[in-house]
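Enquirer: Before we start, here is the structure in question, set down as structure tokens.
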Amino acid sequence: MRTNSERAVAATPGALEPVGPSLAVKLVMRPMTKMLNPLIRKLAGRRHFRMAAQIRHVGRRSGRPYMTPAGARLSGEVAVIPLTFGNQSDWSRNVRAAGGCSIRLESRDYTAERPEFLSWPEAEPLIRSAFGPLERASFRMLGIWQFMRLHVVPAESWPN
């Protein structure tokens, strides 16, 4: 049986091979996320809060609008998002099914299209240009081996 990192590396760009969260994420991040998410949701997407962007997407079954905080960064006209909870998280599946989403990053709004799942080797140039050395080391330490790439264009501002 292959590990999450082996499956992520073996995946082709945009592939839907199921990759869940690593053991480290399950043990460390999931409990912290449940506790800190209310605060992170309020701060996500704001200027000077690079930790999280607002990913605004529509439920693939319900059609309801959702906002999910995620650690997105821009690299040119591309947003790269580490898939902390794997490509089977509801928000990533919703974005994939819809073919895109809206992102608020540092108080700037973007329309994001053409979502693709990338393994670490495929995303490495984007990761290096968008995330600092400590962030990249934390991805490896937590076992984050997949990323989502979205092509972005500036959008009209959302009301605060």
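The values are calculated or read from the model by the stated rules, or taken from the named source; none is laboratory data. All of these numbers come straight from a predicted model, not from anything done at the bench. Cβ sites come from the backbone with ideal geometry, for glycine too, and all protein chains shown count toward neighbours. Protein only, heavy atoms only, side chains kept; ligands, DNA and RNA dropped before computing areas. Shrake-Rupley method; radii C 1.70, N 1.55, O 1.52, S 1.80 Å.
Enquirer: Hey, can you tell me all the residues within region 127-141 that are open to solvent by less than 30 Å² (accessible area, probe 1.4 Å) and aliphatic (A, V, I, L, M)?
Expert: Listed by number, the residues that qualify are 127, 130.
Enquirer: Could you please find all residues in region 142-160 being among the hydrophobic types (A, V, I, L, M, F, W, C), under 17 Å from the mean Cα position of the chain (by Cα) and either within 18 Å of residue 52 (Cα to Cα) or at pLDDT below 90 (or both)?
Expert: Passing the criteria: 142, 144, 147, 148, 150, 152.
Enquirer: Is it the case that region 55-62 has a residue that's open to solvent by 40 Å² or more (accessible area, probe 1.4 Å), at pLDDT 85 or above, more than 20 Å from residue 142 (Cβ to Cβ) and in contact with a helix residue (DSSP H, G or I) (Cβ under 6 Å, 6 or more places away or on another chain)?
Expert: The answer is yes; a qualifying residue exists.
Enquirer: Could you figure out which of (1) touching a helix residue (DSSP H, G or I) at 6+ places or on another chain (Cβ under 8 Å); (2) closer than 16 Å to residue 153 by Cβ; (3) not hydroxyl-bearing (Ser, Thr, Tyr) isn't true of residue 77?
Expert: Among (1) touching a helix residue (DSSP H, G or I) at 6+ places or on another chain (Cβ under 8 Å); (2) closer than 16 Å to residue 153 by Cβ; (3) not hydroxyl-bearing (Ser, Thr, Tyr), the lone unmet condition for residue 77 is (1).
Enquirer: Would a scan of region 65-79 turn up a residue that is more than 13 Å from residue 150 (Cα to Cα) and without any contact (Cβ under 8 Å) to a residue 12 or more places away in the chain?
Expert: Within region 65-79, one or more residues are more than 13 Å from residue 150 (Cα to Cα) and without any contact (Cβ under 8 Å) to a residue 12 or more places away in the chain.
Enquirer: If you don't mind, another one. Filter region 18-32 down to the residues that are loosely packed, with under 13 Cβ neighbours inside 10 Å and not in a helix (DSSP H, G or I) and list them by number.
Expert: Result: 18, single match.
Enquirer: Can you name the residue in region 101-115 that is surrounded by fewer than 17 Cβ atoms within 10 Å (Cβ to Cβ) and in contact with a strand residue (DSSP E or B) (Cβ under 9 Å, 6 or more places away or on another chain) and is also nearest to residue 44 (Cα to Cα) among such residues?
Expert: Once the filter is applied, the top-ranked residue is 106.
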